[in-house]
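Okay, so here's the structure we're looking at.
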Amino acid sequence: MTQDRAPMDRRERLALTLGAAVADRQPWTRFLRLCCDLVGLSYANLIFRRGPSRSVDAEFSAGGTVTPAMKQRYRSQFAMVDPVHYFAMEPGRVYRLPELLRTGRASDHPYYQGFLAPAGIGHMLSARIVEEEGETAWLSWCRDAGRADFQDEDVALFRSLLPHVAVALRSFVLIDRQRVQAAIARHVSTRFDMAAVALTASGKIVGVGPLAASLLTRNGGVTISQDGYLRVGDAAGQRRLSDAIALVLASGHSRALLVDLAGERIEMLLVPFGAQEGYGAARPDLVLYLRREREASGAGSDVRQSLGAMFGLTPVEADIALGLAAGRTMTAVAGDLHLSEHTVRSYSKAIYAKLGVKRQVDLVRMLLLSVAQLA
């Protein structure tokens, strides 16, 4: 007969929660809430600081004693007089409140009286955790003065969790790094109007960015089927896509397509996914880049200002340069800007001189490849 598994103890429950909590939409919060529930805390937090400054770079917390108003009070009044030497704390060592304040009786310290006590913090356990690449965080458990101080078993539990927090911190750093890289990629994708869809060899979508999602939603010719496959136009368009995918995977080389769907021209580029990232069903076989035909007047004011600052162009010169770079004729640019064609030609000579080019094709190449397009 199989015996039922014994109920998990506090340490096991908290350690298991850590693994999932770092990937939550509000990371660490689930773990910190469970700490409050299982250990009888009034407040728990995990704080990140950048460099030797006492200022808080990021904080995740649970419990209601330290309100947003108190946190603002800390930043405005107490951050610079906080007596705790955070970066001098020995990693992995558990500190009680009197040791952090370097006093025999915490309640006698001015910082305790001015901030901690009003914030509902009467007792504290704190530790500095450093992951292998140097990211540092501080975990703290707090109880208000009306509750009993932490006992030896609480300290032992806190200490036993620190190695698990260090492992979770490593995962959090990697996940956070990927979030930052994804945000950069989304910015570049949006600025260049370039969408990306990750596909398997059968055309099933395993990843789609926000810009691609918008394009696929509003464009009647390129869509996502109910079972998650990319659909391009009619049966002939679908065969064309399937043939292109097969050719790319067989040759290992990229292939470009230009299709006219639902009255809109869509540029497509199929690229083999050569990176080693991703496993199982999450790993694509290729990436499809989609780009709508850009309108001549698509540049924003930030791009104009950046071009002006980079090349010394006046606002009018920047507008003319962008119009020419979009393939507009001198006559069309003059009409767009309500100028005479003679005036536009005069400005264009100054533009060519400032950019060091002699032909419109060189102007187009320089402006389209300029980092100012990311502004």
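The values are calculated or read from the model by the stated rules, or taken from the named source; none is laboratory data. Predicted model only: the values in this text are computed from it and were never measured. Glycine also receives a Cβ, built like all others from the backbone with ideal geometry; neighbour counts cover every protein chain displayed. These accessible areas exclude ligands, DNA and RNA; they are computed on the full protein's heavy atoms, side chains included. Shrake-Rupley method; radii C 1.70, N 1.55, O 1.52, S 1.80 Å.
Select from region 1-45 the residues that are open to solvent by 30 Å² or more (accessible area, probe 1.4 Å), closer than 26 Å to Met70 by Cβ and at pLDDT below 90 and list them in ascending order.
Answer for region 1-45, where residues must be open to solvent by 30 Å² or more (accessible area, probe 1.4 Å), closer than 26 Å to Met70 by Cβ and at pLDDT below 90: Asp24, Arg25, Gln26.
Please name all residue pairs, on different chains or six or more residues apart, with Cβ atoms under 7 Å, provided the first residue is in region 228-248 and is part of a helix (DSSP H, G or I) and the second residue is open to solvent by 50 Å² or more (accessible area, probe 1.4 Å) and of a type in the set (A, V, I, L, M, F, W, C).
Ile245/Ala201
Which one of the conditions (1) surrounded by 16 or more Cβ atoms within 10 Å (Cβ to Cβ); (2) charged (D, E, K, R); (3) more than 26 Å from the chain's Cα centre (by Cα) does Asp149 fail to meet, given that it meets all the rest?
Answer for Asp149: the failing condition is (1).
If you take the residues of region 78-112 that are farther than 27 Å from Glu135 by Cα and surrounded by fewer than 12 Cβ atoms within 10 Å (Cβ to Cβ), which of them is modelled with the lowest pLDDT? So that I can check it myself, show each step before the final result.
Let us first name the residues in region 78-112 that are farther than 27 Å from Glu135 by Cα, namely 103-112.
Filter again for surrounded by fewer than 12 Cβ atoms within 10 Å (Cβ to Cβ), leaving 104-105, 108, 110.
Values: Gly104: 86, Arg105: 89, Asp108: 91, Pro110: 91.
Restricting to residues being farther than 27 Å from Glu135 by Cα and surrounded by fewer than 12 Cβ atoms within 10 Å (Cβ to Cβ), the top hit is Gly104.
Pairs needed: first member in region 37-49, touching a residue at least 40 places away in the same chain (Cβ under 8 Å); second member anywhere, surrounded by fewer than 16 Cβ atoms within 10 Å (Cβ to Cβ) and of a type in the set (A, V, I, L, M); C-beta distance under 7 Å; at least 6 residues apart or different chains.
Phe48/Ala58
When you go through (1) over 17 Å from Ala195 (Cβ atoms); (2) free of Cβ contacts under 8 Å to residues at least 40 places away in the same chain one by one for Glu267, which number turns out not to apply?
All conditions pass for Glu267, except number (1).
Take the residues of region 154-175 that are charged (D, E, K, R) and under 12 Å from Leu125 (Cβ atoms): which is surrounded by the fewest Cβ atoms within 10 Å (Cβ to Cβ)?
The selected residue is Arg159.
Being in contact with a helix residue (DSSP H, G or I) (Cβ under 8 Å, 6 or more places away or on another chain) and open to solvent by less than 70 Å² (accessible area, probe 1.4 Å) is the filter here, so list the residues in region 322-338 that pass it.
Across region 322-338, the qualifying residues are Leu322, Gly323, Leu324, Ala325, Gly327, Met330, Ala332, Val333, Ala334, Leu337.
Scanning region 24-76 for residues that are within 19 Å of Arg143 (Cα to Cα) and among the β-branched types (Val, Ile, Thr), which turns out farthest from the chain's Cα centre (by Cα)?
Val39
So, in region 129-162, how many residues would count as being within 21 Å of Thr17 (Cβ to Cβ), in contact (Cβ under 8 Å) with a residue 12 or more places away in the chain and not acidic (Asp, Glu)?
Here is the first cut: in region 129-162, the residues within 21 Å of Thr17 (Cβ to Cβ) are 129, 131, 135, 137-143, 150, 153-162.
Among the residues that remain, those that are also in contact (Cβ under 8 Å) with a residue 12 or more places away in the chain are: 129, 131, 135, 137-143, 150, 154-155, 157-162.
Among the residues that remain, those that are also not acidic (Asp, Glu) are: 129, 137-143, 150, 155, 157-162.
Going through region 129-162 one residue at a time, the tally reaches 16.
Evaluate the following for Ala20: is it closer than 20 Å to Leu157 by Cβ, touching a residue at least 24 places away in the same chain (Cβ under 8 Å) and in a helix (DSSP H, G or I)?
no
So for region 251-272 (the condition being outside any strand (DSSP E or B), at pLDDT 80 or above and crowded, with 19+ Cβ neighbours inside 10 Å), does at least one residue qualify?
no
Read through the list (1) under 18 Å from Leu41 (Cα atoms); (2) open to solvent by less than 50 Å² (accessible area, probe 1.4 Å), then give the number of the only condition that Ala137 fails.
Ala137 satisfies every listed condition except (1).
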